[in-house]
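One structure is given below, encoded as structure tokens.
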Amino acid sequence: MDEYGNTGEERAVRRDEAVRGAVERGLLGPDAPIVGLLDVTGIRESARELRAAFDAVTAPGTPVLHAFAVKATPLVPVLRLLREEGIGAEVASPGELALARAAGLAPARTVLDSPAKTAAELREALALGIAVNADNPQELDRIDGLMRSAVSRSPLGIRVNPQVGGGSIGATSTATETSKFGVALRDEGAREWVVRAYLERPWLSRLHAHTGSQGIPLSLMVRGVEETYALAEEINRRIGRPQIDTIDIGGGLPVNFASEATTPTYTEYARALKAGVPGLFDGRYGLVTEFGRSLLAKHGTIVARVEYAKSAGGRPVAVTHAGVQVATRTVYVPGSWPLRIAAYDGKGRPKSGPEVVQDVAGPACFAGDLLAEGRALPLLDQGDYAAALDTGAYYFAHHYAYNSLARPGVYGFVPDPQTGGVRFATVREPQTLTSIVAESGGAHVGALTTLHTPESR
């Protein structure tokens, strides 16, 4: 049990009830062989734990914005739910900004971060008053031009790379020596360029850094924030006034995919920051965070029907409808992104029985499309269900259209105390075949046949 009275066991019970309820309601079955489920109770709890953890270490009255990294779960109802829990939005594209606006997120609670912002994106953000962190000197030049042409109320800052090193997953380590993000502080002349940028622009009031994501230890995350804080102190000292009034520490809290336990917790991270960077919390600086995976991962489940049960080389293989199209990272890089798998019977009840080493395969046409390889589970039979756990972030909302496989429907759920069952709400309808054809150029079926080369006439 954590400090808020929640347990992973409680979350597991809600999940089991939801799987059974999805089968009973027909959300999951022969005609709907794959579904995404979101635990609304768990999402609300995570949002409240995040806010409480940082409230406990910041000085009273400190402005704090927790901006959810929309890339983690880009679903409008999810953003609306988080808005209701006091969470803003961190966006990194015009599409993500459109989703945040559709969910009703106010510009004042939105942050734009991206290494490739267009002039049009910047113009829109500054017109709306959205906070922007410039990634590089050329982008700052663009902002200069826009600021000369029109006054903006957007909080503006620069993203820096403290170059403190990487974690166990290189692709999610953003503070390495050669990371593509931000201004690399240890490169020759870079730190002085950043200081001069603030000296010459009184409207620059924020400083941003993000050390990394999954695979980054808390100690390295704290080091990244320490370096960023030290730079803010240096800039304000050089200017002679507190021009930088807000530090954006990014997100990146890793998720435990090995068990039901939530570790590390927001409280552990906030306390580690308080111990390592006490000046960040004394009330002189506002604070922005950009957590994504840690808010949603534990509260999502992909459930897929076992279409066939077979064997190969003496090993059982359960062929399901969940594979690379929903779990792309796990299929291609299983060592870095392993998932727990839970077995359910044909009625959606947890399956018992002796564990058997087996493969859980997906529907895509390549041999490596495996959710799990050589995994010990109760033997999955035809008509059973395999559930990929901890998939609420970067999984069912990031569809990979291999074999033109349809995006699954996504449903949120809460316990129903009146019936003792589960209440569901549609988050996203299952993709139709008509939609797949439309996305694949169906409206332009004869386009290429109208083009003729001289040789084809």
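The values are calculated or read from the model by the stated rules, or taken from the named source; none is laboratory data. What you see is a predicted model, and the numbers here were worked out from it, not measured in a lab. Positions of Cβ are generated from backbone atoms using ideal geometry, with glycine treated the same way; all protein chains shown enter the neighbour counts.
In region 302-331, of all residues being over 19 Å from VAL357 (Cα atoms) and out of contact with any Gly (no Cβ under 9 Å at 6 or more places or on another chain), the one that is modelled with the lowest pLDDT corresponds to ARG329. Look at (1) charged (D, E, K, R); (2) under 29 Å from the mean Cα position of the chain (by Cα); (3) part of a loop (DSSP other than H, G, I, E, B) and you find that LYS347 fails only one, number (2).
Listed conditions (1) assigned to a helix (DSSP H, G or I); (2) farther than 26 Å from GLY189 by Cα; (3) of a type outside the set (Gly, Ala, Ser) are all met by ARG153, apart from (1). Note on region 362-457: enclosed strands (runs of 3 or more DSSP E) holding 1 or more residues that are at pLDDT 95 or above, in contact with a strand residue (DSSP E or B) (Cβ under 6 Å, 6 or more places away or on another chain) and farther than 24 Å from ARG349 by Cα are 421-428. Considering each residue of region 364-381 in turn, none proves to be of a type outside the set (A, V, I, L, M) and buried (at least 23 other Cβ atoms within 10 Å of the Cβ). Within region 47-68, which residues are closer than 26 Å to ILE130 by Cβ, in a helix (DSSP H, G or I), touching a residue at least 40 places away in the same chain (Cβ under 8 Å) and not hydrophobic (A, V, I, L, M, F, W, C)? Correct list: ARG48 only.
I need the full set of residues from region 247-280 which are of a type in the set (A, V, I, L, M, F, W, C) and not in a helix (DSSP H, G or I), in order please. Of everything in region 247-280, those that are of a type in the set (A, V, I, L, M, F, W, C) and not in a helix (DSSP H, G or I) turn out to be ILE247, ILE249, LEU253, VAL255, PHE257, ALA258, ALA261, VAL277.
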